Amino acid sequence: MLDPKIRDDFPILSLEVNGKPLVYFDNAATSQKPQAVIDKLVEYYETSNANIHRGIHYLSEKATEGYEESKKKVARFINAKSYKEIIYTRNATESINLVAYTLGLSSLSKGDLVISTEMEHHSNIIPWQIIKKHKKIDVEFVPVRDDYTLDIDEYKKLLQRKPKLVTFVHASNVLGTINPAKEITRLAHKAGAFVLIDGAQSVPHMKIDVEDIDCDFLAFSSHKMCGPTGIGVLYGKQEILEELDPFMGGGDMINHVTYEESTWNKLPWKFEAGTPNIADAVAFGATVDYLEKIGMRDIEKHERELVSYALDKMKKVKGLEIFGQDDRVESRGGMVAFTLKYAHPHDVAQLLDEEGIAVRSGHHCAQPLHEKFKKSTTSRASFYLYNTKEEVDKMIAALDRVVELFHS
């Protein structure tokens, strides 16, 4: 386990909720921010606030330097070849939409196939439904088996139809299942397809190497990895990005503009129209520094130990059913979705909140997955580097009290 003193880096963890110490188990939705990131954000506004790429004065040059340096840090973090392969967006959702509206509209034609999976977040379902309406493409979903893993045999059958794109979630935000990204990508490329990975729940929690995985695109968000909200990343292979037209038009993404036509800026700027989220991008660079100092492999190990401990404890709560793998910790992420026989998930979340414990309830933007397994909603506890076994014990005690209340 990581040193619990790490908690001291996060000022919000000292809060009390309803008179109880905060236990924050909603990290799959958004993570908390260390003081180093908060300080960097404040520092930017106090010392560097100006627009980038458009001024030759001191503040503009300093802001530009901070913005571009953060891209270089992100590129190194995921082992991209160049910062030119790092496009800043608002979040992973916008990153996926960027691919849909550039590669999708330019490269997909009527009858072309896009393969996704049944465990996707809505962000990797809805964009392809929209493209389907525009381009009359086909979208097929790799089934999730009863053991909460993808049916790779069915995936291989779908690949025989020569899809143009395979897009899948690396780690499910509900089941916790970690999909074999490298193998799925290898098979897709063998079939001639592009590959887009939703890494929103994997990049914050494990060491990711895009060169090793060989994906064409990877989407993830700062706010799920101790960084600011409002800043996301689309990684794309440079040679593919060079061929795509921009997602939006405006300032900074242009090279030359006339009333008749325009030409585009170099990568990655041609995909970043208008004034970007400079402050949060600079603070995101500090986020990468913070995570690398701790070590992503140590973070992953910490979460594996914590989720294993939580699963063992939760199995003993009367009437509790785990939604996802409960005996294969090596192939799942640090979250547990569950239901209680005696209480609705919303009631569970509300009663835990009275004890200062923050969990999520609902379908977690994965409504089709819930419906497949005949569940309307679930509660979800999701862990991160600052969570402890003692906090898990508090949640278990609170769940036991919920059972007593509704089962008495």
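The values are calculated or read from the model by the stated rules, or taken from the named source; none is laboratory data. On a predicted model such as this, the values are computed, not experimentally measured, just so you know. Backbone-built Cβ (ideal geometry, glycine too); neighbour counts: all protein chains shown. These area figures cover heavy atoms from the full protein model, side chains too; ligands, DNA and RNA do not enter into them. Shrake-Rupley method; radii C 1.70, N 1.55, O 1.52, S 1.80 Å.
Here is how the numbers come out for the structure above:
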item	result
Restricting the stretch 75-92 to residues that are open to solvent by 40 Å² or more (accessible area, probe 1.4 Å) and in contact with a strand residue (DSSP E or B) (Cβ under 9 Å, 6 or more places away or on another chain), the residue that is nearest to P276 (Cα to Cα)	R90
Residue in the stretch 283-305 that is open to solvent by 50 Å² or more (accessible area, probe 1.4 Å), farther than 30 Å from E46 by Cα and without any contact (Cβ under 8 Å) to a residue 24 or more places away in the chain present	yes
For A188: the one exception among (1) part of a loop (DSSP other than H, G, I, E, B); (2) buried (at least 20 other Cβ atoms within 10 Å of the Cβ)	(1)
Which listed residue is assigned to a helix (DSSP H, G or I) and closer than 18 Å to T177 by Cα, from D312, D326	D312
Residue match in the stretch 250-265 (condition: touching a Phe, Trp or Tyr at 6+ places or on another chain (Cβ under 7 Å) and open to solvent by 30 Å² or more (accessible area, probe 1.4 Å))	yes
Residue identified as under 26 Å from the mean Cα position of the chain (by Cα) and assigned to a loop (DSSP other than H, G, I, E, B) among A50, A29, A36	A29
Test: residue in the stretch 357-367 that is surrounded by 18 or more Cβ atoms within 10 Å (Cβ to Cβ) and touching a Gly at 6+ places or on another chain (Cβ under 9 Å)	no
Counted residues, the stretch 357-408 - those being assigned to a helix (DSSP H, G or I) and among the polar types (S, T, N, Q)	1
The stretch 83-122, residues that are more than 25 Å from G192 (Cβ to Cβ) and polar (S, T, N, Q)	T89, N91, T93
Index of the failed condition, M119 passing every other in (1) part of a loop (DSSP other than H, G, I, E, B); (2) open to solvent by 30 Å² or more (accessible area, probe 1.4 Å); (3) closer than 26 Å to R328 by Cα	(2)
Residue tally, condition farther than 18 Å from I126 by Cα and open to solvent by 10 Å² or more (accessible area, probe 1.4 Å), over the stretch 166-185	4
Cβ-Cβ under 8 Å pairs, at least 6 apart or on other chains, the stretch 1-21 side free of Cβ contacts under 8 Å to residues at least 24 places away in the same chain, far side surrounded by 17 or more Cβ atoms within 10 Å (Cβ to Cβ) and charged (D, E, K, R)	I12/K33
K72 open to solvent by 50 Å² or more (accessible area, probe 1.4 Å), free of Cβ contacts under 8 Å to residues at least 24 places away in the same chain and either in a strand (DSSP E or B) or of a type in the set (K, R) (or both)	yes
In the stretch 1-26, residue farthest from P204 (Cα to Cα) [restricted to those that are part of a loop (DSSP other than H, G, I, E, B) and touching a strand residue (DSSP E or B) at 6+ places or on another chain (Cβ under 7 Å)]	L22
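Table: residues versus (1) open to solvent by 10 Å² or more (accessible area, probe 1.4 Å); (2) in a loop (DSSP other than H, G, I, E, B); (3) in contact (Cβ under 8 Å) with a residue 24 or more places away in the chain; (4) out of contact with any strand residue (DSSP E or B) (no Cβ under 7 Å at 6 or more places or on another chain).
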position: I131; (1), (2), (3), (4): no, no, yes, yes
position: F141; (1), (2), (3), (4): yes, no, yes, no
position: D146; (1), (2), (3), (4): yes, yes, no, yes
position: Y155; (1), (2), (3), (4): no, no, yes, no
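Conditions tested, residue by residue: (1) over 20 Å from K224 (Cα atoms); (2) in contact (Cβ under 8 Å) with a residue 40 or more places away in the chain.
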position	(1), (2)
Y342	yes, yes
V348	yes, yes
G356	yes, yes
R360	no, yes
E371	yes, no
F383	no, yes
K394	yes, yes
H407	yes, yes
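Per-residue answers, yes or no, for (1) aliphatic (A, V, I, L, M); (2) over 19 Å from the mean Cα position of the chain (by Cα):
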| position | (1), (2) |
| --- | --- |
| N124 | no, no |
| V139 | yes, yes |
| K156 | no, yes |
| V166 | yes, no |
| V169 | yes, no |
| G176 | no, no |
| L187 | yes, yes |
| G192 | no, yes |
| I213 | yes, no |
